[in-house]
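To start, the structure itself, in structure tokens.
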Amino acid sequence: MLTKWEELRLVARCVAGDDRRAFERLVEEYQQPLRRFLLNLTMGNASLTDDLAQDTFLKAYLGLRSWQGVARFKTWLFRIAMNEYYGYLRRNREILPDDPPDSIPVDERVDTASATEARLDVERCLSVLSANERAAVLLFYLEDKPLKEISRILDMPEGTVKSHLSRAKVKMAQVR
């Protein structure tokens with residue numbers, strides 16, 4: 001994992017010298033966690049995940065000069081990913097960010113016939129959550145992010161993140 005100083009150095013090389021290898025290093029470092037987060041957020045839709053990840057990295061590259069370095073690069077990158085995901089939802093009018101994801105067509109989900117029982121349980125639990133609740137749960141439990149960083153990524157107060165996590169726990173506990 002890159003330190004904050006290594007991130008700053010790589011971004012500086014990208015901005016000052018148009019060093020694409022430096023950005024390639026950032027992509028290599030954060031591609032897997034970002035794709036995992038988006039895959040879970042999109043309920044297993046691999047093609048949508050690929051599109052969102054590609055758009056996220058493209059926007060990050062084009063907007064590198066706007067990154068102020070206050071938050072970690074990874075936090076900034078995940079925020080861009082959330083914006084891309086919300087933009088996708090708005091463009092396709094599938095789900096509003098606080099609505100449950102019941103309207104995602106079954107054929108766009110992962111082929112659960114070969115998935116393990118645990119994966120089915122997790123998918124079932126995540127499917128009852130709103131987009132914000134699902135994002136908070138994924139960032140907190142899967143990505144092991146602290147509340148402060150989740151607050152920055154989701155662009156909401158820490159108390160709201162805690163509320164989303166609490167509501168999500170209640171909803172997931174009721175899934176049978």
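Among the listed pairs LYS4/LYS59; LYS4/LYS148; LYS74/LYS148; LYS4/LYS169, which are separated by more than 23 Å between their Cα atoms?
On the way: LYS4/LYS59 20 Å; LYS4/LYS148 16 Å; LYS74/LYS148 14 Å; LYS4/LYS169 32 Å.
Violating the 23 Å Cα-Cα cut-off are LYS4/LYS169.
By how many nm would the segment from VAL122 to VAL15 grow when fully extended, if each residue of separation counts as 0.36 nm and the alpha-carbon distance is taken off? Before the final figure, lay out the partial values.
Details: separation 107, 0.36 × 107 = 38.52 nm, distance 4.06 nm.
Contour length minus Cα-Cα distance gives 34.5 nm.
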Could I have the simple spin-label model distance between ARG176 and LEU147, label points 7 Å from Cα toward Cβ, reported in nm to one decimal? 3.3 nm
If I stretch the segment between SER163 and GLN54 completely, what's the gain in nm (0.36 nm per residue apart, minus their alpha carbon distance), one decimal? 36.1 nm
Given the peptides 40-53, 140-153, 163-176, arrange them by the average over their residues of other C-beta atoms within 10 Å, most packed first. 40-53, 140-153, 163-176
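Read the figures in this text as sums done on the coordinates, not as results from a lab. Predicted model, so just to flag it, every value in this text is computed and none were measured. Heads up, the Cβs are rebuilt from the backbone with ideal geometry, glycines too, and the neighbour counts pull from every protein chain shown.
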